[in-house]
Amino acid sequence: MKSKTKKTIIITVCLAAAAAGVILFTGKGAKHQKIQYETAMAETGDIAIYVTATGTIEPVTEVEVGTQVSGIIDKLYADYNSIVKEGQLIAEMDKVTLESDLASAKATYQGSEAEYIYQMKNYERNVKLHEKGLVSDTDFELAEYNYRMAESAYNSSKAALDKAERNLGYATITSPIDGVVIDRAVEEGQTVAAGFETPTLFTIAADLTKMQVVADVDEADIGGVAVGQRVTFTVDAFPDDVFEGKVEQIRLGSSSSSSTSASSSTSESVVTYEVVISADNPDLKLKPRLTANINIYTQEKNGVLAVPAKALRFSPIGPLLEKGAVVNDCDAAQKVWTKEGNIFTAHPVTTGLSDGINTEITGGIEKGTEVVTEASLTGNPKSGAKKSASFMPGPPR
């Protein structure tokens, strides 16, 4: 009796498992699932392709003002943000030593001048006497030699005097351009030494309402960049403002930077090219040395007919196609689909520029055409949540 009861239980469990399998594989008992299609209108709009880069904002004209003589900074007449005019006095160096050098050079020049005049007159007298045979050749040659030596010393002392005068003039430092001081590298009382490099005292920028951005463009993108292209950029200081510019110059010299991976010994070299972009700065928001995030528009079309790019990838195939649906396909390489009721119709199209989100349509459909972009499956039998069911092939499993 116990054996018979046990056998009955086993048979019941097997039948229940079989019924569950039938329901699972036939879909019986599942909630109704619906295919939802997303559509979009063919509309006119703007399409652009751009290259991204980063750069530094700089003044168009920037001059480093230095000094050609060594000495002590005696007085400063300009500071940071000072507005200066061309020829305006901005600094003076201590002139005591330079004035002493000038006085010494002047004294030497005066002595050389006197000697030169004396020897010149003596030589002229000896020329006349030598012509009459009243002076020996030796005396005449000596007079000529003394004259030439005095002339050389006179010219040398004159050059030394001119140099001393110029050096004294260099102690008075003036602005070479109209502009604003954006950097001051010295203090009053500081000693500067003019050796192989001229020490910089001030950095003066010209009109700050005209700025430029020097951007580093990757070698993979530089081929599409051309002079005259439109540029937009932002800076972190004003994240909500978009500034406009234009490509002015593409510098042929490239720069290379190497980066080494921390997890391996592999070193990668990145080659970039400098692109100069002009930008107006009427409200002076753009400050020198700000970092700019740049978009260089390599291709642009405005007011063209376009559809979402995913509409060109949609295809009404697969097990999720609605029951009884009619598919009117064509052999075109590029096509979009329209849906009227349960009928899908393919329309061959020709395309133009695409930015990856929208694609230009140059022929095949008209403005206002409603095209299918994708499909999704709703009503999951387990959770009732929406389930993605695009007709595009999924990733391999």
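Measuring between alpha carbons in the structure, the pairs from 285/310; 301/339; 301/323; 34/301; 121/163 lying more than 32 angstrom apart are 285/310; 301/323; 34/301.
Enumerate by residue number the trypsin sites (Lys or Arg not before Pro) in the range 280-349 meeting two conditions: DSSP loop (anything except H, G, I, E, B), and at most 11 other Cβ atoms within 10 Å of the site's Cβ. Here the trypsin sites (Lys or Arg not before Pro) that fit, given the DSSP loop and packing criteria, are 289, 323. Across 10 Å bins from the origin, how do the percents of Cα pairs in the range 160-311 run, short distances first? Taking every Cα pair in the range 160-311, the percentages come to 8, 23, 24, 23, 14, 5, 2, 1, 0. In loop segments of the range 112-145 as defined by DSSP, there are no chymotrypsin sites (Phe, Trp or Tyr not before Pro) with at most 10 further C-beta atoms inside 10 Å of their C-beta.
Residue separation times 0.36 nm, minus the C-alpha to C-alpha distance between residue 248 and residue 127: what's the value?
Stretched out fully, the residue 248 to residue 127 stretch lengthens by 36.6 nm.
Annotation for residue 155 and residue 331: the two label points, set 7 Å from Cα along the Cα-Cβ direction, are 9.4 nm apart. With R₀ fixed at 45 Å, the C-beta to C-beta distance from residue 206 to residue 104 puts the FRET efficiency at about 0.65. Sorted into 10 angstrom bins from 0, the C-alpha pair distances of the range 329-383 split as 19, 45, 23, 11, 2 percent.
Every number in this text was worked out from the coordinates using simple rules, so none of it is lab data. What you see is a predicted model; the values in this text were computed from it and never measured. Every residue, glycine among them, receives a Cβ derived from its backbone with ideal geometry; neighbour counts consider all protein chains shown.
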